[in-house]
Every structure is written in structure tokens, then in C-alpha cells.
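Student: One structure, as C-alpha cells, below. Some questions next.
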Amino acid sequence: MSSTLLRPESVTRTRANPARRRMSRVAFYTHLWLGVVSTVALIAIAITGVLLNHKRGLGLMPDVPNEPSGTFSGAYSLERLAHAALVAAPEASRPGWSPSDSVDISLIDRMDVRPRDGFVKVRLRDKASMEMTVDIHTGQVIHVGRRGDVFLEKLHTGEIFGGQPFVILSDIAAIALVLALITGYWLWLVPKLSRGGAGGSE
């Protein structure tokens, strides 16, 4: 008769198996559909991420060599540097603005000051993402060109699809990737743990 009795660990394992099977089934379909639905977004994020990591080498971000010609305390004001940048910008990138006008900050997207390099990068809000590099000590424009990485940045974050609200798309894709990884590990580990427990009870 004793041979027909289940040992306590066997009873626990028997009761746990249905719950474990349900969890594995949920993990499988979650893993499957998250992968299917988010594939395009994840591929876009991955490819643009790689390109952005190497944007300087790919020529997407201009490399402008420059030696500082003075101290940071002697640098021109941001307004004066912005004016110099707008003067050097193509007319199509600054519609309605002339060199005799004061600085129109609505035309400027950002100003990236590099004190150690002695220049500031002034990027405009036009479709071409035109950027002027200006020496902060002399006010001389040392480079004018488009920023090829702006499109990739907006695609990477989802902003290109309609502004800041669409940045949530990249957040959703990131969350989907995390869940896909978790469910993938579950599907990989649970069978190994089950086989290990079965082997230990024999």
C-alpha cells in the first residue's frame, strides 16, 4: 500500500504543474505577439541606434577641427554668435529674416557650445536642419552644412511621426522588448527547472 502513496514533494509538483503550464502558455503567446507587433519598431530603433553611434564616421555629423583662440571669459555673447550664424545661413533656411534684423530665436532650434573646441554649433529649425559652426572668440563662421543625423534621431525616438506625443511609440517598443526578453527567458528556463526537479525526485 505504501507504494501507492504519493510523497509530499510529488503532490506539490503535481499541483504546481497546471499553474506552471498556464504561465508557460501565457508567456509563449505574449512572447509571440509582442515579437510580431513590435518587430518593425524594434528593427527601426536598432538600425538607427547603430547609425547614430557611428554618425561622425559616417559623415552624418560634420567634424569641424578648431583651436580656441582665447579664453572662455573672452567669448562673444550668444546673441552675437547667433546673429553671425543667421547671416551665414542660406536664405531658404531663414525666410523673412535679414542681416539688419535682430536675432529671431524662433528660427533657431538649439545652440551647442563647445568651450574646449572654441566654437558653438547653431542649428536652425528648417526642414534641412541647417547648422552653422561659429568661433566663439572671433565670431567667424567656420562651417555651414546640413545635419544628416537629425532625421535618424527623430526616427529613433518616434518624433518624426508627429511630434513629442509619438515618442511614446519608442517607449512602448522598449517595454515590448523587455517583456519579450522576460517571457523568452521564462520559456527557456522553466523546462530546464522542471527536468531538474523531476530528476532530483527519482
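Student: Straight-line reach from K192: which lysines have Cα under 22 Å away, leaving out those fewer than 8 places along the same chain?
Tutor: none
Student: Using all alpha carbons of segment 72-147, what is the percent of pairwise distances in each 10 Å bin, ordered from the shortest bin to the longest?
Tutor: Spelled out per bin, shortest first, that is 22, 58, 20, 1.
Student: Non-local amide H neighbours of I142 (under 5 Å, H modeled in plane, Pro and chain starts lacking H): which ones?
Tutor: Excluding prolines and chain starts, which carry no amide H, the hits are T133, V134, D135.
Student: Going Cα to Cα from K121, which lysines come in below 20 Å? Please leave out same-chain ones fewer than 8 positions away.
Tutor: K55, K154
Throughout, read-outs are computed from the coordinates displayed, never taken from laboratory work. Source: prediction; values computed, not measured.
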